[in-house]
Amino acid sequence: MNEKFSQRRGYTGKARDITIRQDAPPELRKAIIRIARDAGISPTEIRNVVCRELYADPSEFNLLDSYILKEVDELFSHCEWFRVYDFAELFHAKLRQLPVGSVSTNIASSIKVPRGKAKEFETRLNGHFMDHGIGWQMCEGKIFHRGSDAFERATRQAVEALGNTGQQTAKGEIEEALQDISRRPEPDVTGAITHAMAALECVAREVTNKPNLTLGKLVPLLNLTPPLDKAVVALWGFSSERARHIREGQSVSTKEAELVVFVSCALCSFLLGSAK
């Protein structure tokens, strides 16, 4: 794909505030089909994927591309919102010639599409997400939760720092937290909180060399300037009360889970930096 002026010069608009999470607006549905076509997937192949996943039979009377696309549009416009994001992953997989989920090898056909087209698909889709305030992003063909710029920086820096310092267990916990908060149609908010706090506990054990203590007992050993130490204890208490030992009638919002993941990631990076 030839680079546009803005891409060559590094100009990017400010991402819109996230207003869409559990929805797939008509504009997004149309954009995914358009981007898939531009990347090299034919209308017939798009229809094959959509019909297979929705258990629909392709019309034997629609032979021309224009009619096939109308058929796809009808199916695509009425499917449940989370299916739309599934299809985005499936189209990316087709462009990489790799089957995903329930897509069988006969669906991931032998068409010869340049591997760079999968990256093009991902880049353009993420651009649409950002331009339209959609709280999802595609990374290596999978759709993940997208938070604020600060959230994205904190989680990315934590994963990189944990990987660079050999903290593979803690790194895995953060990755699990991000997967849980990205689940469709409903995020696993308690799972996200539990994994994020487990990562923080792993790092605290490492920097204090106290592998058998819980985070609550490790906080006084972290040399955090008051009242930061009390803030960590409060975070631990909230996580224990609302995620690990949840009671009937209690619930945690996605925003609260995102906050816990964000703070845990920031603390992991801070503790690793302070330990150097």
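Being of a type in the set (A, V, I, L, M) and open to solvent by less than 30 Å² (accessible area, probe 1.4 Å) is the filter; apply it to the stretch 162-180 and report the residue that is nearest to the chain's Cα centre (by Cα). Here the answer is Ala177.
Which is open to solvent by less than 40 Å² (accessible area, probe 1.4 Å), at pLDDT 95 or above and not aliphatic (A, V, I, L, M), of Glu89, Glu152?
Glu89
For the stretch 181-204, a tally of residues being within 13 Å of the chain's Cα centre (by Cα) and not charged (D, E, K, R) returns 5. Screening the candidates Gly166, Gly127, Gly172 for the property of being part of a loop (DSSP other than H, G, I, E, B) and either out of contact with any Pro (no Cβ under 7 Å at 6 or more places or on another chain) or modelled with pLDDT under 95 (or both) yields one hit, Gly166. Gly191 meets the conditions (1) in a loop (DSSP other than H, G, I, E, B); (2) open to solvent by less than 50 Å² (accessible area, probe 1.4 Å); (3) under 30 Å from Phe91 (Cβ atoms) in every case but one. The failed one is (1).
Please verify whether Val207 is part of a helix (DSSP H, G or I), touching a residue at least 40 places away in the same chain (Cβ under 8 Å) and more than 26 Å from the chain's Cα centre (by Cα), treating the condition exactly as stated.
It is true that Val207 is part of a helix (DSSP H, G or I), touching a residue at least 40 places away in the same chain (Cβ under 8 Å) and more than 26 Å from the chain's Cα centre (by Cα).
Among the candidates Val232, Val261, Val252, the residue that is open to solvent by less than 40 Å² (accessible area, probe 1.4 Å), in contact (Cβ under 8 Å) with a residue 12 or more places away in the chain and outside any helix (DSSP H, G or I) is uniquely Val252.
Taking the stretch 60-69 only, how many residues are modelled with pLDDT of 95 or more, surrounded by 13 or more Cβ atoms within 10 Å (Cβ to Cβ) and assigned to a loop (DSSP other than H, G, I, E, B)? Total meeting the criteria: 0. For Arg96, indicate whether it is farther than 22 Å from Arg183 by Cα, open to solvent by 30 Å² or more (accessible area, probe 1.4 Å), within 26 Å of the chain's Cα centre (by Cα) and modelled with pLDDT of 95 or more. It is false that Arg96 is farther than 22 Å from Arg183 by Cα, open to solvent by 30 Å² or more (accessible area, probe 1.4 Å), within 26 Å of the chain's Cα centre (by Cα) and modelled with pLDDT of 95 or more. Set side by side, the residues Arg183, Arg242 differ, and just one is modelled with pLDDT under 95, in a helix (DSSP H, G or I) and either surrounded by fewer than 21 Cβ atoms within 10 Å (Cβ to Cβ) or out of contact with any strand residue (DSSP E or B) (no Cβ under 7 Å at 6 or more places or on another chain) (or both), which is Arg242. For the stretch 71-85, the count of residues that are open to solvent by 20 Å² or more (accessible area, probe 1.4 Å), closer than 19 Å to Phe121 by Cα and within 19 Å of the chain's Cα centre (by Cα) is at least one.
The values are calculated or read from the model by the stated rules, or taken from the named source; none is laboratory data. All values derive from a computational prediction rather than experimental measurement. Here the Cβ is made from the backbone with ideal geometry for all residues, glycine too, and neighbour counts use every protein chain on show. These accessible areas exclude ligands, DNA and RNA; they are computed on the full protein's heavy atoms, side chains included. Shrake-Rupley method; radii C 1.70, N 1.55, O 1.52, S 1.80 Å.
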